[in-house]
Every structure is written in C-alpha cells, then in structure tokens.
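One structure below.
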Protein chains: 2
Amino acid sequence: MPSLRHTIADDLRGQIFTGRLKAGERLPSEPRLAADYKVSTPTLRNALSLLQAEGLIEKIHGKGNFVRHPLRRLTYTGGRLTPDADLHVTIRTTHLRARGDLIPLLKVPSRTPLTEFLYLTHQGQRPHSLARIYVPRDLGSAQLLWRRSGVEESRDKISARRPTPEEASTLRISSTLAVLSITRVSTDTTGRVVEAALLVLPSDRAEALFVTHNTANARGQYG
Amino acid sequence: MPSLRHTIADDLRGQIFTGRLKAGERLPSEPRLAADYKVSTPTLRNALSLLQAEGLIEKIHGKGNFVRHPLRRLTYTGGRLTPDADLHVTIRTTHLRARGDLIPLLKVPSRTPLTEFLYLTHQGQRPHSLARIYVPRDLGSAQLLWRRSGVEESRDKISARRPTPEEASTLRISSTLAVLSITRVSTDTTGRVVEAALLVLPSDRAEALFVTHNTANARGQYG
DNA sequence: GAGTGGTCTAGACCACGAG
DNA sequence: TCGTGGTCTAGACCACTCA
C-alpha cells in the first residue's frame, strides 16, 4: 500500500530521470503541485522532502524548488580525489592555533600554531565538496605543503553522518543527505603528525576506494 | 530562531543523554508528549522523527517510541571487523546463480553457480549489522572459504547511502539513518575474483579505517 | 507588494499490537 | 476492544526573494 507522498515522489523522480523535468528547472509552486496531485500542501511538501533527501531537488526559500544538476561522482583513492577538468578548486589559507579536536588529531599541545587550508570544490557555479587540511605551521613553506614527501604512514578513518548546518549551507545540500566524512592523518617516520585532512563528501557525489595488496591482510573475518 | 520541533528534540535528546530516559524505555505516547510540550501532534511527531534519524529512538507501530540501546561502534579495518565478544553472528548459506549486479562484480558469466553467505550480527537481541558474501561455487569447500589464502588484491569501495527498505527492517533502523556501504572484491594472482563482500553498516555504529604505508601514495591532492 | 517556501495547528481516519 | 503510531487534510501565519 503505497503512501501518497511516495507515489508523488516516484512520479516526480520519473519526470526528472526521463528529462521531462530538466536540470536547473524550477518545479511548479507547491500549491500548484498540490492542486495537480489533489493533495494537501503538507503532503505535497512531504513528497518533495523525499526527493530533497535523495539530492534530486533543491529547495530555495522564496524562490522555488529546483531540479539539481547531477554532479560528478568523484572517487577518493588513497589520499587523492580523481582529478577532473570540470572541477574548480578554491583554497583559503588561515592561520590559527590548535584547539578542541585538533589537539588529539594532530598530537600537538594546545595553542600550537597551525595553518588551515580550506578547499572548496565547485563544478561550474555549484559547490561540490569541501576539505579542511591542517598542518603544523613550523613544518615549512605553506605553499605546496600537502605535496611534501616524508610521509611514512597515513590513516584514513571513514564514517557516514549528516552534515553540520554550516556544511549543509556551504554545500547547498539538504541536512538529511548523508556525507562521507574522511579523516586522514599522515605521519612521518618519527611518528609526528605532518598533516590532518578532514574531507566532507556528499554521498550523492563521492565514494572512496582502497586497494590492498599482499595476501597477509586479505583474509576476511566479517564477524 | 529555533523551531519548536528542534527545541523539543533537543530537550528529549538531553533527557536521553543524561539518563533521565533510559535505554529500552518507552517514551510517553505522542498525544501525551504533545500535550506536555503544548504543541500539535504533527509537530511533536516531527521532533521525534529528528531523533529517529539520529538513531536515538525507535518507533514501533502500535506499541510506542523507545529509547534505543546504544550499540557498539565497530571499526572495519583492512577487510575485517574488530571482533567483539558481545556480538553474535549468524550465518546463512544459500546456493544461487549469478544475476544482475553480481555478474560484473564477480566477473563471471550469467547463471554461474555461487554460494552466498549471509552474515547477520546481533548485539544481544538487537540486530547490529549485516554482510553478504558471494563466492563462485567451484572454488572449493564452502565452509571457511572466506579465510582462504591466495588473495592477491582486495578493492574496498565505500559509499554512504540510505538503507533499502529490506535492510532497514532487518536492521530495525530508520530509513533516514544512513549506512556505510562497503563492497570488497578480492582477486587472486590470475585476476580472478575469489570473493565479493557487501557490507551494510549503519552509520551510528560503524566506521572504516585504512592504513597506508610507503611515501609514494601518501602525497595528497585534494582537488 | 506579490509570490514563494517554512512552520504550525486541530483535527480526521486508518493500521498495528496486545489483552 | 482499546491504545498506539501512520497518514492526511485544510487551512493559518511567518520569512524570504524579487520586482
């Protein structure tokens, strides 16, 4: 027994996939759609919220509901994202001092001088994903620091979560669309943390891939 | 300006974290809570749905809303989950033939005989996570096949998504709680796929960790 | 100011669970 | 049968965007 909102969402989803509703296009207003489908506005809005959680539409207060442009799906592989000519990256550099979670992450004392690189990736005008990279400021030139050699080990911790309100607005995604959160900590031969990267990749446009060789670690135990 | 539903959700969340509402406990009925907070039932339900999406409460139709037991947080590391004495695994073995997505995944012809191992992990009475493992049936004994040696390379593909309706009901999670989806494909020296594992790990109880050594691949490029 | 989405109300009726 | 949550209605009022 399909609920009304799912029926409506299925219909609109179909229109998006078949191209009857094109990327960037504005949907009819909510009262209009509610009348078309012969449902109340809360029910119609409920249907739209399903599509929003899937990343198919974007709601803009005061303007309307818009079909999202499908964004390129990136693969994060062993510390790097697949480069893509369509994607434009802006980097903002900030100096700050270690506090909160950064202290255990970088294994530095409180208030240690750090450099933050804020990577914001756009595809055209649309925000795609973001990353924050922290480096102890005494490690040398800030210019291409993240390309340095001397990294002996990297640990990638991957989890799924909902975006913070700031992330949701920066990336213009629904707060109900999950993100892949990747924390990568790189250490040198002495065990010192050289860099910590916090990536936020919306789940509709990113996946991570890790390749492991050597038999020793490849035996599974899925308990 | 905080909305009513967030205010209510914050209050209930606080009661859960401080232990005023204990794990397994039933919340007052929705009309009761709506009266206590002096809001309409849709608004109260909206607040509860926020907690549900966070995995804090479980709604059971006809019975009530219950505070979830916090489940152990597992780490998936290099092909295995951290073993834990509290967790009980049941395995169901099924014989089937390759079809659909399994064909390209295992790189086998259609209708190739396969063995499926369905791993269902429980913590006490509560489902925790699940995995499906597929092995070509001609590879030998099905008993401990996934412990075999001979694996030369493993590829872990990790994404975040919402659970399918089946997964949501099996794991008793909200369909709005994201899961980490891990697909691990293991190949032997000849490039033949020896095993494909599909893990479904609810985001509130799992993360993945990958450790990379060697400088060569450790230089980041976060574009 | 006109039109849009955001929030909320006060109900109605249905479906499920347990006694 | 009774109490529970699930769905839906037909509005009201507020906040935002743009002309």
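Rounded to the nearest 5, what % of DSSP beta bridges with both residues in chain A are antiparallel?
Values: 51 of 55 bridges.
Percentage antiparallel, nearest 5: 95.
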- Query: Tell me, what is the FRET efficiency for B:S29 and B:T93 to the nearest 0.05, using R0 = 41 angstrom and their Cβ-Cβ distance as r?
  - Reply: 0.40
- Note on the structure: Between A:S129 and residues 5 or more places away or on another chain, the pairs with built amide H atoms under 5 Å apart involve A:T121
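Would you work out the charge dipole size for the protein assembly as shown about its Cα centre, treating the Cβ of every Lys and Arg as +1 and the Cβ of every Asp and Glu as -1, and quote it to the nearest 20 debye? Let's see the in-between values first.
Values: 66 positive and 42 negative charges, 87 e Å.
Here the size comes out at about 420 debye.
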- Task: Treat region B:75-141 as a sphere of radius equal to its Kirkwood radius over Cα pairs and apply Stokes-Einstein at 20 °C in a medium of 1.002 mPa s; give the translational diffusion coefficient in µm²/s, rounded to a whole number.
- Result: 159
- Within the set of other residues whose C-beta is less than 9 Å from the C-beta of A:V211, count the net charge using Lys and Arg as +1 and Asp and Glu as -1. -1
- Applying the gyration tensor rule to the Cα atoms of the protein assembly as shown (axes a ≥ b ≥ c; rounded if a/c under 1.5, else prolate if a/b exceeds b/c, else oblate), the class is rounded
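Suppose a student asked you for the relative contact order of chain B, using Cα pairs under 8 Å spaced at least 6 residues apart; what percent would you report? Don't jump to the answer; show the numbers that get you there.
Numbers: 366 pairs, mean separation 39.0, N = 223.
Relative contact order here is 18 percent.
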- Simple spin-label model, 7 Å along Cα-to-Cβ: A:R172 to A:R192 in nm? 4.2
- Note on the structure: Checked against a 24 Å limit on the C-alpha separation, the offending pairs among A:K157/B:K157; A:K157/B:K59; A:K22/B:K107; A:K22/A:K63 are A:K157/B:K59; A:K22/B:K107
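In square nanometres, what is the average projected area of the Cα convex hull of region B:4-67? Show your work: numbers first, answer last.
On the way: hull surface 15.1 nm².
If you wrap the Cα atoms of region B:4-67 in a convex hull and average its projections, you get 3.8 nm².
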- Task: For region A:203-210, take each phi angle, set θ = phi - 60°, evaluate the Karplus expression 6.51 cos²θ - 1.76 cosθ + 1.60, and give the result in whole Hz per residue in order, putting x for glycine and proline.
- Result: 5, 7, 9, 7, 8, 10, 10, 10
- Query: Could you give the length gained on full extension between A:D138 and A:R80, defined as 0.36 nm per residue of separation minus the Cα-Cα distance, in nm?
  - Reply: 18.5 nm
- Task: Quick one: which residues, 5 or more positions from A:E25 or on another chain, have an amide H under 5 Å from its amide H? H modelled 1.01 Å from N in the peptide plane, none for Pro or chain starts.
- Result: A:V67
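Please give the FRET efficiency for A:H6 paired with A:L118, using the beta carbon to beta carbon distance and R0 = 51 Å, rounded to the nearest 0.05. Don't skip to the end; give the middle numbers.
Details: r = 39 Å, r/R0 = 0.77.
Efficiency computed from Cβ-Cβ geometry: 0.85.
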- Message: Can you find, among B:A168, B:P109, B:A131, the residue sitting farthest towards the positive end of the charge dipole of region B:74-209, where Lys and Arg contribute +1 and Asp and Glu -1 at Cβ?
- Response: B:P109
- When Cβ neighbours within 10 Å are restricted to other protein chains, what is their mean count per residue of peptide A:160-168? 3
- Over region B:1-117, how many percent of alpha carbon pairs lie in each 10 Å bin up to the one with the longest distance? 11, 28, 19, 18, 17, 6, 0
- Principal axes first, then extents: for the Cα atoms of region B:74-209, list largest minus smallest coordinate on each axis, whole Å, largest first. 39, 29, 25
- Task: Go ahead and estimate [θ] at 222 nm for chain B from helices alone: -39,500 (n - 2.57) per DSSP H run with n ≥ 4, summed, over the residue count, rounded to 500.
- Result: -6000 deg cm²/dmol
- Item | Relative contact order (%) - criterion: Cα under 8 Å, at least six apart; region: region B:4-67 | 41
- Query: Put the label 7 Å from Cα along Cα→Cβ for A:S110; what are its distances to the other copies, in nanometres, shortest first?
  - Reply: 6.6
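A short reminder: the numbers here are calculations on the coordinates, not readings from a lab. A quick note: this is a predicted structure, and the numbers were derived from the prediction, not measured. Methodologically, a virtual Cβ is constructed for each residue, glycine included, from the backbone with ideal geometry; neighbour enumeration extends over all protein chains shown.
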